[in-house]
Every structure is written in C-alpha cells, then in structure tokens.
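Working notes, beginning with the structure itself.
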Amino acid sequence: MNEREKYQELRNEVQEVAESFGWNMKIGCGKLYRELSKVSASYLESLDNIQKYKVSQTENKGFIYDDTEICLIGRELALGNEESAKSILYSYVERLRSSNLSLLMQQYIFLNFISEISKTAFKNQIEMEQSNISLLVSAKNINSFLEAAEMIVHDICGKINEKQKMIENDMTYKVCCYLHEHFSDYDLSLEKVAADLKINTAFVRNAIKETTGKSYKNYLIYLRIEYAKELLEKSQLSVAEVCEKVGYGNISYFIKLFRENTGVTPSAWRKESDADLVTGFSWQLEDMEENRILWKLYKEAQNV
C-alpha cells in the first residue's frame, strides 16, 4: 500500500468516526496528514469502540437521548399537576433503567433535570428546598435520582398550588368588592365584570357562588333589592327614582322583582316602614319618664 492509499484510508476512518459524533470535520493534506499519521492505532481503535458502544445503545436498547420528557415534567410542575408530573417521571426513569447508560450520561441527564426544574421554580417565583436540591445534585444512580426527583416534584407542586390558591382568594375578594361597588350600574353583566377585572366569566361565577351561596344573577338582584329597601325607608325618592338608583331601567320589572323578593310592592314596603317608624317612636316616648308631656301631646294629636 503506497503513501497515498494510507493517507486516504486514514482520512476516511477518522472522518467516519467524527461524523458519527455529529462533528463536521474537514481534513486536508500536508501538515494535517503528518500529524494524524502520528496518532497511535490504539487511540483510533478506542474511538471505534466508543462508536460501536453508541450504536449498540441506540439500536439494541432503543435509547435516544432528548429532553422532551424532562420539559414535559417542567410544564406539569408549572401547572401544579403533581400526579401528571410524577407519571411522566416514572415512565422516563423506567426507560433510563432499561438502557445501559454510562455514568457520565446519567449525570448529564440528572443535571439537565435540575436545570429544567430550576427554570420552572424561578419563573413561578418558588424557592426550592435546599435539602432536596442537595439530594438531587448528589444522586449517584437512577434510584437515588428518582427519590430526590419525587421529593422536589411534590415540594414545587405544593408551593405552586398554595400560591395559586392565594391568588384566587385575592381575586375572589376583588370580585366581591367590585360587585358591591358597581351593583347599581345599569348594565352590570357577568361579561362586563370579567372584562373589567381581566379574568374569565367562569371565575366570576364561581367566586360569587363560593362566597355567597348565590348565583351571580341572584346575588346582583339581592344587592339591588337591599339597596332599594334602604332608599325607600330613608329617602323621599319616588319608586321610579329608586328603580333607576339601583340599576334598573324598567319600573315594571323592578316592581316585579321587588315583590318576588319581599312579598310586597315598593310602595307597600315604604308604607309599612313608615308605620313601623311611628310605632317605634311612640313606644320610645311612652317608656321615657321625662317625656310624658310629649307622650300626652302625641295621644291628643292621634285623637284629632
């Protein structure tokens, strides 16, 4: 075999090994060839053995590394779905176990997992327990990795769900406050409340139901009727004016709702409240020793 043939054979062998690792290697001639000719055969055989091991991994064990499943675990963590995150984790671990992974590859996967969950925790402003992180960093095999990963998944999901509950409670309070401030607005629809608070209608509906036990519509009616009672008792506004004050544009509909909720019409409610006020005032005078003169004058006025 002449010098040129030796060069070509070595060139092809090195390039084939390089390409198997995804390296885009360019081989020229001259100095590069002279340097490569000095490489021992044992080193080249080692590269070849590494390649054969890699092929056996992918073909015989079916393991091709990518971070898709780790990213899916991160996504479920962000949603607080502990069961779903663990389900993906268990499936992934079983696949790792069935593959004859090198210790180096295992450590790489463990570090990638740490990186992904750290990003998830940072985005959600969650502080991870240092003890759990230490266990994960020091994991030496798949079993110890799984144990630490389970603890971290449980910890992060618990904190995310707790934080979400606090946010929801705060928003529920805001929904109730908004309704108490704006119930007399003419067109206070469920959609308008949701749009103004930048939340969905389902949340508004559930927030009112959980807080008051009433549906959105019934609670809005309740607030308006209660305010109407107060106006009828404490002001001289006409029924039509009260109707407008509490957010209704149709007086017939207002009277109908008022009767359904109180058993009487607005006018009747006002008369009853006036009568109760006079009776209460009379009994107060009768019970007060120092106001006997006023009581006498009141009785004389009643007989006129």
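Screening the candidates Ser252, Ser282 for the property of being modelled with pLDDT under 95 and loosely packed, with under 14 Cβ neighbours inside 10 Å yields one hit, Ser252. Filtering region 182-197 to residues that are surrounded by 13 or more Cβ atoms within 10 Å (Cβ to Cβ) and either hydroxyl-bearing (Ser, Thr, Tyr) or at pLDDT below 90 (or both) leaves Ser184, Ser189.
Taking (1) surrounded by 12 or more Cβ atoms within 10 Å (Cβ to Cβ); (2) hydroxyl-bearing (Ser, Thr, Tyr); (3) within 30 Å of Ile114 (Cα to Cα) in turn, Ser138 satisfies each apart from (1).
Report, by residue number, each residue of region 115-133 that is surrounded by fewer than 16 Cβ atoms within 10 Å (Cβ to Cβ) and within 19 Å of Leu104 (Cα to Cα). Passing the criteria: only Ser115.
Take Asp196 and tell me if it is over 17 Å from the mean Cα position of the chain (by Cα) and not assigned by TED's automatic domain parsing to the domain that holds Arg75. For Asp196, the condition - over 17 Å from the mean Cα position of the chain (by Cα) and not assigned by TED's automatic domain parsing to the domain that holds Arg75 - is met. Of all residue pairs spaced 6 or more apart or on separate chains, those with beta-carbon atoms under 8 Å, a first member in region 201-216 that is in contact (Cβ under 8 Å) with a residue 12 or more places away in the chain and assigned by TED's automatic domain parsing to the domain that holds Asp187 and a second member that is of a type in the set (Gly, Ala, Ser) and not in a loop (DSSP other than H, G, I, E, B) are Phe203/Ala194; Val204/Ala194.
Just one of the listed residues (Glu181, Glu210, Glu191, Glu241) is among the acidic types (Asp, Glu), closer than 15 Å to Ser267 by Cα and out of contact with any Gly (no Cβ under 7 Å at 6 or more places or on another chain), and it is Glu241.
Screening His154 against (1) surrounded by fewer than 18 Cβ atoms within 10 Å (Cβ to Cβ); (2) over 16 Å from Gly74 (Cβ atoms) leaves a single unmet condition, (2). Evaluate region 182-193: report whether one residue or more is in contact (Cβ under 8 Å) with a residue 24 or more places away in the chain, assigned to a helix (DSSP H, G or I), among the aliphatic types (A, V, I, L, M) and closer than 30 Å to Glu260 by Cα. Looking through region 182-193, at least one residue is in contact (Cβ under 8 Å) with a residue 24 or more places away in the chain, assigned to a helix (DSSP H, G or I), among the aliphatic types (A, V, I, L, M) and closer than 30 Å to Glu260 by Cα. The residue of region 114-147 that is modelled with the highest pLDDT, among those that are within 19 Å of Ser84 (Cβ to Cβ) and outside any loop (DSSP other than H, G, I, E, B), is Leu146. Cβ-Cβ contacts under 8 Å between residues 6 or more apart (or on different chains), taken from a first residue in region 113-128 that is under 20 Å from Tyr90 (Cβ atoms) and assigned by TED's automatic domain parsing to the domain that holds Ile152 to a second residue that is modelled with pLDDT under 85 and not in a helix (DSSP H, G or I), are listed as Glu116/Asp67; Ile117/Met128; Thr120/Ile126. The conditions of being within 22 Å of Lys209 (Cα to Cα) and in contact with a helix residue (DSSP H, G or I) (Cβ under 8 Å, 6 or more places away or on another chain) are met by His180. Among all positions in region 200-220, there is at least one residue which is under 20 Å from Asn261 (Cα atoms), loosely packed, with under 13 Cβ neighbours inside 10 Å and more than 20 Å from the chain's Cα centre (by Cα). Looking at Glu230 and the list (1) part of a helix (DSSP H, G or I); (2) not assigned by TED's automatic domain parsing to the domain that holds Phe258, which single condition is not satisfied? Checking Glu230 against (1) part of a helix (DSSP H, G or I); (2) not assigned by TED's automatic domain parsing to the domain that holds Phe258, the one that fails is (2).
Scanning region 91-102 for residues that are of a type outside the set (Val, Ile, Thr) and in contact (Cβ under 8 Å) with a residue 24 or more places away in the chain returns Arg95, Leu96, Arg97, Ser98, Ser99, Asn100, Leu101.
The values are calculated or read from the model by the stated rules, or taken from the named source; none is laboratory data. Not measured: the values here are computed from a predicted model. Note: ideal-geometry Cβ built from the backbone for every residue, glycine included; neighbour counts use all protein chains shown.
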